[in-house]
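Read the structure below first, then the notes.
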Amino acid sequence: MAKANLRRFDYRKVARLDTAMWRSYADADRKFFGLFIQAFTLIKYQLGFSWLATIKLAYYAGRAAAAYRLRKGKENYPLARKNLTKLFETVSRNCDRPFDFKRAAELELEWWDIQRYPEKHQKTLAQSLNENMAAVYGVSAASIKGYGNNRAAALALLNDGSSKQMAVLLAKAWQSLHAAVRNTHSD
């Protein structure tokens, strides 16, 4: 089976799917099955993996998110970390440029925590988001600064109903990441 090239994605479509997923996440009903379907669709279009690998990734993402987000103040960090590690390990094994999946998992959990508890951290959400994607794509965090800045600004709007502005910022974030990783590495 051919390995996926993570740098080839339609940033417009990924941004739309990411926006829909975050809107559902913020929805008061907390519809987890809908979030699973949206995560599945986002993963499928961003990464281009097989259906089976995509189902596994969506499952790991959902389990990690549930372990972390269901009980504010009582997050299950070990279970979230375990599932994020499995998620990033699966991505790394199925892509053409493997990466340190354990580091990527730790950085993913870090930005979740910074988003929820910014006062506990010295690092900003934008910095953490940049470091997370830099670990996955094998680029410097500075080269994808626009991604982290725009995504952090979008996530700051998560609960205030500014969905149009959130969509604009997520589109800018994914466009910035796409441009940076496409320009850094030739295909």
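The values are calculated or read from the model by the stated rules, or taken from the named source; none is laboratory data. Since the structure is predicted, the reported quantities are computational estimates derived from the model, not experimental observations. Note: ideal-geometry Cβ built from the backbone for every residue, glycine included; neighbour counts use all protein chains shown.
Brief remarks follow.
- Screening the candidates Lys164, Lys120 for the property of being of a type in the set (D, E, K, R), closer than 15 Å to Asp18 by Cβ and more than 15 Å from the chain's Cα centre (by Cα) yields one hit, Lys164.
- Cβ separations smaller than 6 Å between residues 6+ apart or across chains give the following pairs from the range 42-53 residues that are of a type in the set (Phe, Trp, Tyr) to residues that are in a helix (DSSP H, G or I) and surrounded by fewer than 20 Cβ atoms within 10 Å (Cβ to Cβ): Tyr45/Lys13.
- Here Ala126 fulfils each of the conditions (1) more than 14 Å from the chain's Cα centre (by Cα); (2) modelled with pLDDT of 95 or more apart from (1).
- Residue identified as modelled with pLDDT under 95 and either buried (at least 19 other Cβ atoms within 10 Å of the Cβ) or within 21 Å of Trp174 (Cα to Cα) (or both) among Arg97, Arg116: Arg97
- Count of the range 1-60 residues which are modelled with pLDDT under 75 and not in a helix (DSSP H, G or I): 7
- Test: residue in the range 105-113 that is surrounded by fewer than 23 Cβ atoms within 10 Å (Cβ to Cβ), on the phi < 0 side of the Ramachandran plot and more than 15 Å from the chain's Cα centre (by Cα): no
- Members of the range 114-162 found to be touching a Lys or Arg at 6+ places or on another chain (Cβ under 8 Å) and in contact (Cβ under 8 Å) with a residue 40 or more places away in the chain, listed by number: Arg116, Tyr137, Gly138
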